[in-house]
Structure formats: structure tokens, C-alpha cells
């Protein structure tokens, strides 16, 4: 039998090499070089993601038939033009011309029509965490690397920030509440347990927090969180689930340190997940964490569904045959020594490796 | 090398978003039979984005069951089969994994060619992200900006009847080709032209060398004629190419299958269409495939296939899309207990995060199948809008006569009790009259559809074999009455001489009469006034030959369209009772 793997892997690692590829949606210009040290907010590359286009009707502008107007076009495809620059003409006694309405580039010439591409605000690709540029293709992709702690989540609201971590509440299962948010938390990244009400999230906006890390959020707050100006990262799921003990321990042991929050939404088909990166120095070479883990005894896993959703443990044995569960479902399973619950049989489909 | 006629071993692989399945068929006693299946976690998604690993694991399971060596040392499929019994003679592959193909639809007339194009898009894995048409009020440059911002994988151009006026189509193509050529290399879309045939050469010329165009016969050759099949075949190749560009391993599967990597939905639809020509042509055939990322509904009426793929309706990552179609109370109504809507919402969101997870607690299983019912209900409601009018349909809300109804998908296949599957299908699909419910427990439908092109006999013979489970013959009278009022009288005479059953079914009852798989019986139905079982109108009696199933003969006396009690306690009581009657209790 071939080696089996767990393809669901969540990284919760105290010290590792973190290598991330940042990519522009379209080719543009890269503004950093290999070996350069960058900060979280630095722009690595820029591109024109949504340029606007304008047809310049040369025949109409010059008052000439199409065929004749073509002869008076003074630009070529690819030329850069400035606003007010003559694109066609002059012709006739009145010396009629057609001028570029704005700075731009001649994208195409189709008969007597000129298509002008006007650049909008460029899209800037941010580093997201402090690190060193290790590779780039010069037009679209930049790879940066650092060492530090890595805590991956399951859901994010799509925002990025960088700030100092502060703890709110008394434990991983504590509810985030407004009376726990005071002025001392201004500008911090908050580590809290669970959230089931929009009020504390809005109050955190008032405090200009740089981010919130939660174990869980009730589903109805997803749309609220998506409108917040700061990143929200959920480590476990939706409902009332505490941050898993490994992640909570790692986060709280780094209170006072700066962390980069990349709250990309993630999802089962996305390569990149929401994550917290806490840059830490390392005197030695560190491996990049594994993306897949062989399914063997002794690996640390997390349960993804009830009745022990979020619980962490170690695989003790992998059943050869599928086993029946109380729901009547029959599935291949593993015996897991779950912290706080003891030995429990869990379907392999409901486990992910926690590394 | 074996020819297709000599071929006797068939291997089919279906790569889904969650599971990859391999099915090996061989000739046993002169007929094709399913010999072994292997199932593995799909690896089309993160972290591998390479389907090969999942395929290898599924093939390895088939090898360990049969002892048959399928791949050589370099992990290449052995084809054709060798004298030592290694390899296979024919390989077919289907896939529904991977992102949908981002599509800009360029069409002429809303309600004519554009409507046909939408039907075409909905029948496969296209995501129409932008639409440009003759009635578009945006300026040409705005249309260019829209196409560029959409970054499409595909531009699908339709419009004009063959030989009809072409100026309007040409105008739209000028704008579209300009936009396509502005997209950077590496992001150029595929272009498929399925419009006025006389303009084809002009279309190719306008796009030039930098953007290749695939030509396919006009999907609307005349104003009153629609033919989606040729375009669907070309789109299969486009979809395969788009997926291969993002996910590794598809090239290899395509190579093994001789370049015929089919979309799962298309292969699924082929089987349904075929069956609609084989079974009673006065009735339609319905196939439902409930997946994690999409739900496919295939209905065929005497060879006229209506295929719909809903990527926002599925039991995995697509689950949040359900809330765009209904409120959460529509899910809660199917539960045999009360549950807070917030908890249902949390469950749904978590399942979307971890779509491959399994419900191991009874409460979660009930919730999972409540969601399954509502996903299917929403999908069938949408799909029905594109079905033709069928004789014998009793009212706009009622389903047309269907025989059989085929159910596929991992969630339905793993349902712990056949009675539970029947309950889910009856609630979700609410068939009318007499139908047979058939389960495809090994998800063989796509394999059969893909094989139909190369080994037609294999498809027919496997479909007739025991690899599909007949769940029940169901009688669903159309009509309404007070709870407890008589709906019909029945008499079941078994052909094997077993005990004859006679009885009355009352409104609100779910009645099961034991009739095992493969057993046949003569069934006499005498509906009361106001109830129609498909014998030509309400109150009309009739006799028919029926076949048994895992559950037996089921009479669903809940009326059509089904109306559940609004009062929660009463509804929960009834659902528990119906489950008990069907043998669906856990």
C-alpha cells in the first residue's frame, strides 16, 4: 500500500522559515531587488490593474472621410502621449487637430479610430510582513522570506495589517466584549477568544486597532467583519469555539511582539490561508514547514467537526477497516489521544494535521 | 493493439472536488460488470494542485482489490492490456474539480441567442462574469474596460441566424477582438464562436493570430431552432484546457483517455438522455448529482436533454450559496427536531470551510440531509424553468411524469439507510405519480456517460447490472385533503405468488409495502376524487407492473405540492413519524 497523506495541514509553528510568494494580478513593475530587506507596509511591485480606454474618432475630429483621416494620424500603437498632445492633424485652413484628453498610451489603432489607454491609480503589492526578497521574475512575482512564528487560521476578512499583539480577556474561550476594550488597546492587534456580537468589533474600530485574532465568530458576524477596516482572523471556525491550545499558547507567549496579519479569506480551493506571522530572529537555518504530512502514528492533529471540534491530539492508531459511527456513517478512522477527552475514534476525513 | 470492438477491460476515473474515483469494468459471462472501485481524496486543490496523486491512490485501491497491475514503473497507465493481465483496454476520464471557467458572453438578442448561450453556460462549468449584447447601453470603450477587468478564460460569442444579417455581430466582434488582443500574453482568453455560420471566417480574421478562435456550429441556426450539443463539445475541450493550465495532472489524464477528458456533468447528462430514449418515452428521466461544489440536474424527455449545473448549490464549499436562494427556515423545516437558525448557519459555514468532513453524530447527520434536501429543492426549482412542457404534468407546481429518477453524489451514496435516502429524495424532488428511485452508490453515471462514446455496450450493460440500487417504486398522488382523509386504495399482487396486499392510504401517511429488489408485482391504484396518480386525471384508477427496491413500494400520501405544517411541534412530530414509517430512524 502506498503511503497515505493528510492533505489538510494547519501550521502552528513557534519558529520556522516563512516563505511567501506575492503576485500582481497582471504584469507590472517590480520595485525591489533580491536580497533587499523590506517592511510589512513596503510596496514590492505596482501594476495598472484597471486602466480606462477612450476611442478618439479621428475622422470626426478632423472632419474628414475615414480613409483620408487615417493619413493624418501622428501616433503609433504603443506610443506614450501627454494630455493635450496632438494625436492627429492639423488639417485644413482651420488647422483642426485631435488631441489626447489625458496622459496615456496608444493601445490600438483601428481604421480611423485611436484607442487611448489612460492609466488609473496603480495597484500596489505589499510585502505584508518584514522579510528579505529572495526571488522575483521582475514583472509580477516577488518572493519574501523571514523566520518567526506562524499561526494559520481558517477564515479572514480580506485585510492586512501589522501591529503589536495584546491579549484581551481571560482565556481562549472568553467572549470579546465591549467592557474589555479600553484606550490602552489603541493601535494594537488583539488576541481574544470568541465573538458573538457586533458591538465589540465596532468598538475596536473606534480604537483604531490593527487587527483581531479570534477562535471563532458567529456566522451572522461574517458580513460585519468583512466591512471592518482592520483584519480579523478566525483560527477555528464559526460558532463558539475557543482558539486551539497550541495557537493560544503560541500567541500569548508572544504578547508585546509585533505580528503581521494577513486575513485573506482562504477556503478549501485557495492555496493561501489567513495567517499570523510573528517575525523572530533565528541563529540557525530553519526548514519551511511541510505542506502535506504522512498519515502515521504520533502526528499531531486537530478535529474539524463535532463532537470534539477544535480539540487537539495525537494519532495513536489508524484503523485498517472502516468503522461505523453513531450517525450510521461508516468511514475509515484513527484513534486519537485528544487533550482533555482521552482516546477517541475520529474519521480520517474529520482530521487535519497540526504542525 | 486491441480495437474498440475487441476491448474488454474498461477503467474509468472521475476527479471530483472532494473525491477521486476509479472504477474497473470487465466482461463477465459475456456482459460488462463493475469489478472494483477505488476512492481517494482528490488532490486538485491545495496544497498539491495536482490530480495525479489522488488518481494514483484510487488506482492503487483498485489494484489491491483485483491484483491487476494498472500502471507501469513510471506510473504510466498500461494501455492496451497485456497478455499477463496488466493494464486496461479502454480508459475514460471525467472531472468536475477545479475552478469554473470565467466567461464573457457576447451575444445579440436577449431572449434569443443570449438565452441559448446562458442555457449552454449553465449546462457546464462556466461562470458568466460579464455579458455584452446588442442592447448594451455602455459605450464601446466601456465594454472594452469591462472585458479587460473580467480577465476571462473564455469569450463565448453567439448571435445571428445562419445566413442572416451580420453587421450587428461584426460590430460586437470588433470591440471584443480589440479587448482580447489588449490582454497580456499568458492571459489571453480562448474564444469560441457559435453564431451566424457565414461570418465565421470574418471572426477568425478579426481576432488574428494572437487570439485563437474555435468555431462551432451556430447554437441558434434559426430563430426557432436551438442546438447546444456541438458547442458543448467544444466547450469541453476549452474547460479541460483551462483546468490543465491551473492544475497539474489533467494533461496526463487527457492523454490516457485519447484527448477525451469530459466534464462530469456532460457525461452524467449523456446517460440520462440515453435512458430517456430507452424507457417509457411519454415520461421524462431525471438525474440529480449532489456534489460538494455543485449540483447537477439532468432531465431528458425523449432524447431532449436539459442539463443544469449549479455551482452555488452544493453540500460542501458551495453551501453558503444556498442562502442566496432561500432563508435558513427553509432548511430548519426538514429537521426532526427544533434547532436555532444561528446554529444551522454556523454549521453551514463550517462545512464550507471543511467540505470533506463527515457527520458522525445523529444531530449533524439530520442537519446535513436537511441541507441536502434544500440544496436539491433549490436546484430542481431553477432547473424546471428550462424544461419543456410535458404532457401529463398536473399543474405548474407539480413535477412532470418521471421514470426513473437517478440519484448520485457522495452524500446520497453514504446515507446510512435506504429509507433515509428515499425520504430525502421525496422531500427534495417531490415526484408526482409513479416513479422509481434509483441510487448510484458508486458514482458510476459519469463513467457510463464517458464510456458511451467508445464502448456503448458497456454503458448499457452496467446500467442494467446490480451496480445501481433500486431504492423504491414510489406512488405520489397529486392533490390535497384534510389529514386522515382517504387518498387511495391499493392492491399489490406479487408475481412470485407471495401474499397479496390490499389497503387504504390516508392523507398525511407515508406507507411502505415490502417488495424486494428484483421482485415484480401487479399494482392496482384507485385514487379518491381529487387525487391523481397519473392514470389520466384525478380519481382515475389503473393497473401497472412495478418493481421492488431496497425499501419496497412507497406511497407518499402527503400530497403534491407538499405542504408541511407551519407549527413546529406538529411538523417535527410528523417528520419523525414519516422517518419511522420509512425505516429511516437512526
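Numbers below:
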{"item": "Scope region B:440-460; condition under 19 Å from the mean Cα position of the chain (by Cα) and not in a helix (DSSP H, G or I); matching residues", "result": "B:440, B:441, B:442, B:443, B:444, B:453"}
{"item": "Residue in region B:268-288 that is within 30 Å of residue A:155 (Cα to Cα), more than 14 Å from chain A (Cβ to nearest Cβ) and either in contact (Cβ under 8 Å) with a residue 40 or more places away in the chain or in contact with a helix residue (DSSP H, G or I) (Cβ under 9 Å, 6 or more places away or on another chain) (or both) present", "result": "no"}
{"item": "Residue match in region B:353-374 (condition: assigned to a helix (DSSP H, G or I), more than 14 Å from chain A (Cβ to nearest Cβ) and over 22 Å from residue A:221 (Cα atoms))", "result": "yes"}
{"item": "Residue that is nearest to residue B:232 (Cα to Cα) [pool: residues in region B:154-163 that are touching a helix residue (DSSP H, G or I) at 6+ places or on another chain (Cβ under 6 Å) and at pLDDT below 90]", "result": "B:159"}
{"item": "Total residues in region B:83-136, condition part of a loop (DSSP other than H, G, I, E, B) and more than 30 Å from residue B:8 (Cα to Cα)", "result": "14"}
{"item": "Only listed residue being surrounded by fewer than 14 Cβ atoms within 10 Å (Cβ to Cβ), closer than 30 Å to residue B:165 by Cα and touching a helix residue (DSSP H, G or I) at 6+ places or on another chain (Cβ under 8 Å), chosen from B:208, B:195", "result": "B:208"}
{"item": "Search result, residues across region B:476-535 that are on the phi > 0 side of the Ramachandran plot and within 33 Å of the chain's Cα centre (by Cα)", "result": "B:479, B:508, B:518, B:534"}
{"item": "Counted residues, region A:115-138 - those being in a strand (DSSP E or B) and under 21 Å from the mean Cα position of the chain (by Cα)", "result": "10"}
{"item": "Elements of type helices (runs of 4 or more DSSP H) in region B:164-265, at least 2 residues being at pLDDT 85 or above and over 27 Å from the mean Cα position of the chain (by Cα)", "result": "B:167-182, B:200-207"}
{"item": "Among residues of region B:269-313, those that are part of a strand (DSSP E or B) and on the phi > 0 side of the Ramachandran plot, counted", "result": "0"}
{"item": "Residue identified as within 13 Å of another protein chain (Cβ to nearest Cβ), modelled with pLDDT under 95, over 28 Å from residue B:49 (Cβ atoms) and in a loop (DSSP other than H, G, I, E, B) among A:271, A:306", "result": "A:306"}
{"item": "Any hit, region A:287-303, residues being touching a helix residue (DSSP H, G or I) at 6+ places or on another chain (Cβ under 8 Å), without any contact (Cβ under 8 Å) to a residue 60 or more places away in the chain, closer than 25 Å to residue A:169 by Cβ and within 12 Å of another protein chain (Cβ to nearest Cβ)", "result": "yes"}
{"item": "Region B:1-28 residues that are more than 14 Å from chain A (Cβ to nearest Cβ) and part of a loop (DSSP other than H, G, I, E, B), paired with ones that are crowded, with 19+ Cβ neighbours inside 10 Å and at pLDDT below 90 (beta carbon under 8 Å, 6 or more apart)", "result": "B:4/B:455; B:7/B:455"}
{"item": "Some residue of region A:179-186 being on the phi > 0 side of the Ramachandran plot, crowded, with 16+ Cβ neighbours inside 10 Å and in contact with a helix residue (DSSP H, G or I) (Cβ under 8 Å, 6 or more places away or on another chain)", "result": "no"}
{"item": "Residue satisfying condition, being touching a residue at least 24 places away in the same chain (Cβ under 8 Å) and not assigned by TED's automatic domain parsing to the domain that holds residue A:195, within set A:252, A:345", "result": "A:345"}
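The values are calculated or read from the model by the stated rules, or taken from the named source; none is laboratory data. Predicted model only: the values in this text are computed from it and were never measured. All Cβ positions, even for glycine, are placed from backbone atoms using ideal geometry, and neighbour counts span all protein chains on display.
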